[in-house]
1. For region 85-111, how many residues are assigned to a strand (DSSP E or B) and in contact (Cβ under 8 Å) with a residue 12 or more places away in the chain?
2. Looking only at residues in region 44-63 that are touching a strand residue (DSSP E or B) at 6+ places or on another chain (Cβ under 9 Å) and not in a strand (DSSP E or B), which one is modelled with the lowest pLDDT?
3. Of these, LYS78, LYS141, LYS127, which one is surrounded by fewer than 16 Cβ atoms within 10 Å (Cβ to Cβ), more than 19 Å from ALA46 (Cβ to Cβ), modelled with pLDDT of 90 or more and out of contact with any Asp or Glu (no Cβ under 8 Å at 6 or more places or on another chain)?
4. For the list (1) more than 19 Å from SER114 (Cβ to Cβ); (2) more than 15 Å from the chain's Cα centre (by Cα), I need the number of the one condition that PHE63 fails.
Amino acid sequence: IFGGHGGIDYNRTAFNDIYELDLETFEWKKPQVTGTPPEPRGGHVASLLANKEKLFIFGGWNFIFQFNNMFVYDLEKKSWTDPEILHESPKWNFNGCLAPSIPSWKYFIFGGSSGSFFEGSNRTGSKYMNETWYFDIDHNKWVPIKLE
C-alpha cells in the first residue's frame, strides 16, 4: 500500500510511505527502501505488474500539487525509480489497471478529475474527465483511446 491522505483530529496530511502485508502472518511491515519515492499524494492509482514484481504509481494530488507523473517500485529490490514518464494532464481520483496485451502489457486509465484549485477553497475549477488512455509498458508511450 502506498501513500494516501489521512491524519488525526482532521489534520489532513498526504503520505508517500509504503507498507507490505505479509500474507502468512497478516502483519504490516514498512520496508527499508532505496531511491527517491514519489511526492506525498492520494487519489493516485497503484497497479501491480506481478510477473515483473513492479508497482506502478500514477497521478494523484497532495493539497498543493496535482501529478501527471509515474513512478515504479521494484518489490524485489525494494527500490523506487522515476522513469520520467509524464501524461499530458494531471489526474486524480481516476480508475486504472494493468492488463496483459500482445506484444506488451498496457496500463489503462479512465476518467478522474483535473483542474486548478487551492487547498481549502471550492474545487469548482476542477472538472471530471471522460477519457480513456493506455500506457504501453514496453514503448513508454501514452496513447488516447477514442470510444464511440
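The values are calculated or read from the model by the stated rules, or taken from the named source; none is laboratory data. Not measured: the values here are computed from a predicted model. For neighbour counting, all protein chains shown are included, and Cβ atoms are generated from backbone atoms with ideal geometry for every residue, glycine included. Quick note on the areas: whole protein, heavy atoms, side chains included, nothing else; ligands and nucleic acids left out. Shrake-Rupley method; radii C 1.70, N 1.55, O 1.52, S 1.80 Å.
1. Taking region 85-111 as the starting set, the residues that turn out to be assigned to a strand (DSSP E or B) are 85-86, 92, 95-99, 106-110.
From what's left, in contact (Cβ under 8 Å) with a residue 12 or more places away in the chain: 85-86, 92, 95-98, 106-110.
The qualifying residues number 12.
2. ALA50
3. Details: LYS78 fails: more than 19 Å from ALA46 (Cβ to Cβ); LYS127 fails: modelled with pLDDT of 90 or more.
The match here is LYS141.
4. The single condition PHE63 does not satisfy is (1).
Residue-wise test of (1) of a type outside the set (Lys, Arg); (2) under 18 Å from ILE18 (Cα atoms); (3) open to solvent by less than 70 Å² (accessible area, probe 1.4 Å).
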{"site": "ARG41", "(1), (2), (3)": "no, yes, yes"}
{"site": "PHE56", "(1), (2), (3)": "yes, yes, yes"}
{"site": "ASN69", "(1), (2), (3)": "yes, yes, yes"}
{"site": "LEU86", "(1), (2), (3)": "yes, no, no"}
{"site": "SER113", "(1), (2), (3)": "yes, no, yes"}
